[in-house]
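Working notes, structure below.
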2 protein chains.
Amino acid sequence: MLCEYRDFNEIAGAPFGVAWPQLAHLIAATPLFVKASQQAGQQGRLRFDPVATNRHLVAGLSGLGWQDRVQLPALVGPFGTAVDFALGGIVLEVQFSNYPFFANNVIRAAALWRARGTVADHPVAGLLVLAARGDLPSANSSLYYEQANRQLALLVDQGIVTVPVRLVGLGWAVGETTAILSTYADARSRTLHRSEQVRCRVTAVQRGFRIDRA
Amino acid sequence: MLCEYRDFNEIAGAPFGVAWPQLAHLIAATPLFVKASQQAGQQGRLRFDPVATNRHLVAGLSGLGWQDRVQLPALVGPFGTAVDFALGGIVLEVQFSNYPFFANNVIRAAALWRARGTVADHPVAGLLVLAARGDLPSANSSLYYEQANRQLALLVDQGIVTVPVRLVGLGWAVGETTAILSTYADARSRTLHRSEQVRCRVTAVQRGFRIDRA
């Protein structure tokens, strides 16, 4: 996939220095995963598949030494049980889910940073967040990169979030491409029925992109 | 319903002074709304009905002069389109939904407060949040009062949330009671099929309460 990013609360010592080049390489090597849209009026069209993309990232990050599902310290326990990934003091959250999870997960990292808390025995040094760009067709109410960007800008401007954050937007380019099309047990399921390589066409439409079988 | 509350970031001038007595009276006059649990192993048991309770509160608050679905200023637009209710500078959020909405909604109020923003042309003066107590049987991953309490305590301790907040926990007492049992089109639906008065028994079990038909 393509990626762009924006840094917030930059500090000397570049906390993402070690982790970032490997992660950027993994993103660049990530194919476009798609699934059939289940939304009314969208039947037959394809959209970004967060479940398969997440599985791919879990496998890739594990191979790079990241720990996944890292338990949160008791201090921030009311905000959830685990962060998606951690490496050294860097926390990585993959935010393909409903939009309010972004505020929840950013704010728990912000609280950990202020409290000088640890994740997997390392003091928290920074937060990496992956989100899909808004031009990728996705489920309604999924968080998208541009929205996360505006949220973070406000929280940083107002002095609420002081932890260094690199917000990463994942996208694709217009044109024909090979994609991985997955079929699930039902619309909300993570149970994979089938996965196949297909040719797709990504076109720019009025708001964002449209993905069809080529 | 019964209620308890906890104040955070108390300030001189008691921003909830005008709004609170009326709201407390409305809560006290709110019956126990229940629906059949759809969770595996829970069939036939009753649980707290957030949809019917919310409808009751909307009607009651409108009668008290609160505006509902008040549009958020553009500043916090990335965090949603509207707050549940507003009266003067007091924002009221009814948080019966999934837990991450709490952080999202508290943090947008915190940002508005820091930025001296307005809601319905009044400077934001305080945030009231209603949540159901954890002993009321509810859907998995619903926010509950005690969890919200621990989240807020951390965010206030760490200097993240500086807006005055009154967090209100709604509950019920052990014993026999009349309740309103509603049936919906399906487990996730808000489309009401039927609503009837029933006699229920609320009993204390190992973790919280259990509600059965009496």
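The values are calculated or read from the model by the stated rules, or taken from the named source; none is laboratory data. Computed from a prediction, not measured in an experiment: that's the story for all the values here. Note that we place each Cβ from the backbone using ideal geometry, even for glycine, and neighbour counts take in every protein chain shown. Accessible surface is based on the protein model in full, side chains and every heavy atom, while ligands, DNA and RNA are left aside. Shrake-Rupley method; radii C 1.70, N 1.55, O 1.52, S 1.80 Å.
Rounded to the nearest 20, the size of the Cβ-charge dipole of chain A about its Cα centre is 500 debye, with Lys and Arg at +1 and Asp and Glu at -1.
The heavy atoms of B:Glu4 offer some 70 square angstrom of accessible surface to a 1.4 angstrom probe. Spatial offset of segment A:71-128 relative to segment B:5-81 amounts to 29 Å, using the alpha carbon center of each. Extending 7 Å from the Cα toward the beta-carbon at both A:Ala24 and B:Gln42 defines two label points whose distance is 4.7 nm.
Along each principal axis, taking the top coordinate minus the bottom one, the Cα set of chain A gives 51, 33, 31 Å in descending order.
For B:Arg45, inter-copy separations between label points set 7 Å beyond Cα along the Cβ vector come to 4.2 nm, shortest first.
Result for chain A in a Gaussian network model with C-alpha springs under 10 Å: among A:Thr178, A:Thr191, A:Thr203, the largest mean-square fluctuation is at A:Thr191. Each other residue within a Cβ distance under 14 Å of A:Arg150 adds +1 if Lys or Arg and -1 if Asp or Glu, for a net charge of +1.
Heavy-atom accessible area for B:Val51, with the other protein chains in place and a 1.4 Å probe, reaches approximately 20 Å². Here the spin labels are modelled as points 7 Å beyond Cα on the Cα-Cβ line, and at A:Arg199 and A:Asp68 they lie 3.2 nm apart. Starting from the label point of A:Ala12 at 7 Å along Cα→Cβ, the same points in the other copies fall at 4.2 nm, in ascending order.
Remark: label point of A:Gly159 defined 7 Å out from Cα along the Cα-Cβ vector; separations to the same position in other copies 0.8 nm, ascending. When its C-alpha radius of gyration is set against 2.2 N^0.38 Å (N residues), the protein assembly as shown gives a value of 1.04. Charged neighbours of A:Tyr184, selected by a Cβ distance under 14 Å, balance to +3 (K, R count +1; D, E count -1). Put simply, the Cα atoms of segment B:114-214 extend 50, 33, 22 Å along their principal axes, the longest span coming first.
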